[in-house]
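The values are calculated or read from the model by the stated rules, or taken from the named source; none is laboratory data. Not measured: the values here are computed from a predicted model. Glycine also receives a Cβ, built like all others from the backbone with ideal geometry; neighbour counts cover every protein chain displayed. Ligands, DNA and RNA are stripped out before the accessible areas are found, and what is left, the full protein with its side chains, is counted by its heavy atoms. Shrake-Rupley method; radii C 1.70, N 1.55, O 1.52, S 1.80 Å.
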Amino acid sequence: MLYFHSWSGGKDSTASIILDHIHSLPPSTIIFSEVMFDKNRRISGELPEHIDFIFSKAIPLFKSWGYEVKVLHSDFDYLDIFNHVLTRSSYPERIGKKHGFLIAGKCAANPLLKVRPIHNFYKSITSPYIQYLGIAIDEPLRLERLRGTNKTSLLERFHYTEKMAFDLCKKYNLLSPIYDISSRGGCWFCPNQSFSQFAYLKRVYPYLWSELRNLSFDSNLVSDRFRYSDSFSDVESKVDLINDILENESLQLSFF
């Protein structure tokens with residue numbers, strides 16, 4: 001029997017690997033699927049501090065524990081989705097236009113850029129295998145979906161809640177820095193992010209924000225809304241307001 005960890009770098013899937021290590025379970029392989037914004041320029045879709053954590057800290061440690069780590073990539077990236085020109089559509093006015101921004105609430109990136117490489121990998125496995133997923137005991141609906149499949153949760157086996165998973169990662173110094181700014185991970189271009197997360201992106205990584213702004217100048221788009229009904233300029237105005245408030249608060253504190 002083969003064993004694989006589906007790992008995102010988040011607390012739950014990381015805690016699953018730590019539990020595997022602690023309990024000396026049968027040898028397993030770690031699978032990480034990296035979403036890319038632009039493969040040609042090697043711009044990851046993960047926040048820079050998270051992808052640095054993945055490659056500079058977590059993977060070297062896991063390898064020192066004896067795990068094999070496989071990093072998967074799709075044949076496509078975010079720009080492929082954005083620049084895809086429609087040749088067929090129920091709406092004739094859309095034909096010849098680019099797809100444009102992802103539609104909030106309907107992420108086309110995750111199935112193509114993250115999930116498909118994982119599915120293709122498992123399709124290539126000819127031996128029986130077990131897939132470890134990071135699902136805590138306080139997520140009963142997600143756990144129920146695993147019943148009768150070859151997927152299982154070590155967090156459930158060892159009775160770990162999400163909070164316990166967080167604490168375990170912190171104990172082993174394997175908590176991604178994304179948790180310093182958000183309770184969730186995800187791609188930095190994701191339209192489902194909060195305005196405060198976008199404000200962080202523009203404030204800390206202006207060069208990544210500029211990538212999105214440059215795309216917004218393209219007028220030949222089917223989807224020109226950046227976050228639900230908001231255009232990119234709408235979002236940027238709200239983001240600038242948040243960052244101005246934070247800057248003013250910082251200036252006021254500097255006087256004390």
Checklist entry - Based on what the data block shows, is GLU93 of a type outside the set (Phe, Trp, Tyr) and either in contact (Cβ under 8 Å) with a residue 12 or more places away in the chain or in contact with a His (Cβ under 9 Å, 6 or more places away or on another chain) (or both)? => result no
Next on the checklist: Quick test for you: out of ARG116, ARG142, ARG147, pick the one residue that is touching a residue at least 24 places away in the same chain (Cβ under 8 Å) and either closer than 28 Å to ILE81 by Cα or outside any strand (DSSP E or B) (or both).
Outcome noted: ARG116
Checklist entry - Hey, ILE51 hits all of (1) out of contact with any Phe, Trp or Tyr (no Cβ under 8 Å at 6 or more places or on another chain); (2) aliphatic (A, V, I, L, M); (3) under 22 Å from ARG116 (Cβ atoms); (4) open to solvent by less than 20 Å² (accessible area, probe 1.4 Å) but one; which does it fall short on? => result (4)
Checklist entry - Of the residues that make up segment 225-246, is at least one closer than 21 Å to LYS106 by Cα, touching an Asp or Glu at 6+ places or on another chain (Cβ under 7 Å) and of a type outside the set (Lys, Arg)? => result yes
Checklist outcome for this item: (1) in contact (Cβ under 8 Å) with a residue 60 or more places away in the chain; (2) within 20 Å of the chain's Cα centre (by Cα); (3) farther than 16 Å from GLN131 by Cα; (4) open to solvent by less than 70 Å² (accessible area, probe 1.4 Å) all hold for LYS57 apart from (4)
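Every residue, every condition in (1) open to solvent by less than 40 Å² (accessible area, probe 1.4 Å); (2) not in a loop (DSSP other than H, G, I, E, B), yes or no:
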{"residue": "ASP167", "(1), (2)": "no, yes"}
{"residue": "SER183", "(1), (2)": "no, no"}
{"residue": "PHE189", "(1), (2)": "yes, no"}
{"residue": "TRP209", "(1), (2)": "yes, yes"}
{"residue": "LEU215", "(1), (2)": "yes, yes"}
{"residue": "SER219", "(1), (2)": "no, no"}
{"residue": "ARG225", "(1), (2)": "no, no"}
Item to check | Total residues in segment 164-181, condition closer than 14 Å to ASP138 by Cβ and in contact with a Gly (Cβ under 9 Å, 6 or more places away or on another chain) | outcome: 1
Checklist entry - Any idea how many residues of segment 232-256 are at pLDDT 95 or above and either of a type in the set (A, V, I, L, M, F, W, C) or assigned to a loop (DSSP other than H, G, I, E, B) (or both)? => result 5
